[in-house]
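Trainee: I'd like to ask some things about the structure below.
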Amino acid sequence: MTPGQLLARLKKNERPAAVLLLGPEAYQRRRLKEALVAAFPEGAMTGHDLGETALAAILDDARALSLFAADRLIWILNAEGALPRVRSEEADEAESTSGDSGALAEYLRDPTPGVTLVFEAMRFDFEGDDKRKQERVRKFYAAVPDVVELRRFPVHEARQEAENLVRAGGFRIDAAALDLLVESLGADMARIAVEIEKLSLYSGNRTVGVDEVAALVPDARATTIFALVNALGRRDRTKSLEVLDTLTKEGEYLPLALAFLSTQFRMALVAREAGLKNSQQIQGHFSRLGVPMWGSRADQVSQTVTKFTKAQLESALKLIFQADRGLRDARPDDRIVMERFVLELTG
């Protein structure tokens with residue numbers, strides 16, 4: 001189940017007996033918590049932590065009839081804490097049918113009317129080493145009928161949601177500034193939402209630009225990196241060297257600039273080979289390929305396409321590779337490597 005599906009059910013006054021919130025994404029979890037709390041009378045929520053309280057005690061609490069509220073929301077933190085510590089595959093297979101897991105299944109066969117249990121399991125992600133651990137959580141809570149996956153936002157979805165928040169906040173922000181906000185915060189919607197709230201209080205009647213984002217948003221140090229990418233994309237040697245000087249003085253991580261630049265030039269080469277003429281065609285082409293692309297990024301790629309021939313784009317990618325290798329050499333002078341790169345690229 002997606003967060004949106006659960007929100008739709010709550011709008012119809014359909015309250016589940018138990019929900020498992022699975023995954024690390026904090027923004028959607030906060031939205032769901034607000035919606036669940038709003039679906040119950042004021043003061044109806046109580047909380048437990050499975051790192052401190054046994055699941056059996058929480059189930060006893062759920063069965064107990066309250067003298068003050070017929071409807072109750074019981075929010076349970078650290079749902080992973082109920083899992084037994086196992087060392088063998090046999091025990092791992094058996095844990096979902098015994099002990100606390102069995103007690104939970106028995107409770108859910110005849111749950112207390114008006115009571116909703118929400119198990120919050122945010123410790124493990126859906127990929128990598130966490131995947132198997134998360135499967136253990138799923139198996140343990142197999143009796144819970146409604147499992148909501150809280151996956152991290154892809155970059156393009158984070159940007160779309162950020163646009164919605166800006167619109168709801170009633171202020172304006174430049175497209176490039178919004179790109180910077182999303183990418184510099186790693187598409188972390190929980191952090192993006194906080195920063196957008198701050199920007200809405202700051203903006204007044206002004207349009208928020210890149211400079212304001214750089215000044216007000218922690219971790220938006222990529223501002224000068226984006227400026228370097230844009231200047232190089234325009235083949236503006238003077239501006240590129242000025243920005244490089246700023247990057248060097250601020251101690252920025254120059255390989256990051258090369259990574260951004262490599263992506264832009266690769267997209268520009270694809271666009272030129274496909275015969276794309278403008279940013280609208282570029283956006284549509286990459287979207288059909290499954291590559292997230294929004295308007296301002298398409299404009300940047302289009303600008304690069306107009307400034308470089310196919311041969312120059314191929315040469316630029318070779319120069320990026322050489323510069324990246326130079327930055328990885330033992331005790332390189334990063335500034336000299338990058339200055340040589342800028343001069344050769346804009347020559």
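Trainee: Based on the alpha-carbon gyration tensor of the range 155-216 and its eigenvalue square roots a ≥ b ≥ c, which shape applies: rounded if a/c is under 1.5, prolate if not and a/b is larger than b/c, or oblate? Each step should come with its number before you reach the end.
Mentor: Values: a/c = 1.59, a/b = 1.32, b/c = 1.20.
Prolate.
Trainee: Using the count of nearby Cβ atoms within 10 Å as a rough guide to exposure, how do 141, 27 rank from fewest to most? Spell out each step's value before the answer.
Mentor: On the way: 141 24, 27 21.
Ascending Cβ contact count within 10 Å gives the list 27, 141.
Trainee: Pull out a ≥ b ≥ c, the square roots of the eigenvalues of the alpha-carbon gyration tensor of the range 1-71, then state rounded if a/c is under 1.5, prolate if not and a/b is larger than b/c, and oblate in the remaining case.
Mentor: Cα axes put the range 1-71 in the oblate bin.
Trainee: Continuing with this model, one more query. If you average 1/r over all unlike Cα pairs in the range 223-345 and invert the result, what Kirkwood radius do you get in angstrom?
Mentor: Working: mean 1/r = 0.0680 Å⁻¹.
The answer is 14.7 Å.
Trainee: Using only helices, what value at 222 nm comes out for the chain when you add -39,500 (n - 2.57) per DSSP H run of length 4 or more and divide by the total residues, to the nearest 500 deg cm²/dmol?
Mentor: After summing the helix terms and dividing by residue count, I get -18000 deg cm²/dmol.
Trainee: Now, a different point. For residue 124, what residues show an amide H to amide H distance below 5 Å, using hydrogens built from the backbone and excluding near sequence neighbours?
Mentor: 23
Trainee: Go through the range 21-27 residue by residue and turn each phi into a ³J(HN,Hα) via Karplus (6.51, -1.76, 1.60, θ = phi - 60°); whole Hz please, and just put x for glycine and proline.
Mentor: Once rounded to whole Hz, the list reads 8, 10, x, x, 6, 7, 5.
Trainee: Counting other Cβ atoms within 10 Å, which trypsin sites (Lys or Arg not before Pro) in the range 308-344 have at most 14 and lie in a DSSP loop?
Mentor: Working: sites: 310, 318, 325, 328, 335, 340; in loops: 328.
Hits after loop and neighbour filter: 328.
Trainee: Could you work out the relative contact order of the chain? I mean the mean sequence separation of Cα pairs under 8 Å and 6+ apart, divided by the number of residues, in percent.
Mentor: Numbers: 443 pairs, mean separation 54.1, N = 347.
Relative CO of the chain lands at 16 percent.
Trainee: May I ask you to compute the full-extension gain from residue 168 to residue 56, defined as 0.36 nm times their residue separation minus their alpha-carbon distance, rounded to one decimal in nm?
Mentor: Working: separation 112, 0.36 × 112 = 40.32 nm, distance 4.31 nm.
Computed gain between residue 168 and residue 56 is 36.0 nm.
Trainee: Can you compute 3J(HN,Hα) from phi for each residue in the range 305-317, using the Karplus curve 6.51 cos²θ - 1.76 cosθ + 1.60 with θ = phi - 60°, rounded to whole Hz and x for Gly and Pro?
Mentor: Values, residue by residue: 4, 6, 8, 10, 6, 4, 5, 5, 5, 5, 5, 4, 5 Hz.
Trainee: If you wrap a convex hull around the Cα atoms of the chain, how much volume per residue is inside, in Å³? List each step's numbers first, then the result.
Mentor: Working: hull volume 66.1 nm³, N = 347.
Cα-based convex hull of the chain, divided per residue, equals 190 Å³.
Trainee: Then there's this: Which whole-Hz ³J(HN,Hα) couplings does the range 41-55 yield from phi under the Karplus relation 6.51 cos²θ - 1.76 cosθ + 1.60, θ = phi - 60°, glycine and proline marked x?
Mentor: x, 4, x, 7, 8, 10, x, 9, 10, 6, x, 10, 10, 5, 4
Trainee: Per residue, how big is the convex hull around the C-alpha atoms of the range 3-149? Give it to me in cubic angstrom, could you?
Mentor: Working: hull volume 15.5 nm³, N = 147.
Measuring per residue, one finds 105 Å³ for the Cα hull of the range 3-149.
Trainee: Under 25 Å between alpha carbons: how many lysine pairs meet that in the chain, if sequence neighbours fewer than 8 apart on the same chain are excluded?
Mentor: For the chain, qualifying lysine pairs total 16.
Trainee: Test of understanding: what is the full-extension gain from residue 106 to residue 7, defined as 0.36 nm times their sequence separation minus their Cα-Cα distance?
Mentor: Values: separation 99, 0.36 × 99 = 35.64 nm, distance 2.68 nm.
Working it through step by step, the gained length comes to 33.0 nm.
Trainee: Shifting gears a bit: FRET efficiency for residue 194 and residue 71, Cβ-Cβ distance as r, R0 = 30 Å, nearest 0.05? It would help to have the intermediate numbers written out before the result.
Mentor: Numbers: r = 31 Å, r/R0 = 1.04.
Efficiency, rounded to the nearest 0.05: 0.45.
Every number here is computed from the coordinates shown, using simple stated rules; none is lab data. All values derive from a computational prediction rather than experimental measurement. Using ideal geometry, Cβ is built from the backbone for each residue, glycine included, and neighbour counts are taken over all protein chains shown.
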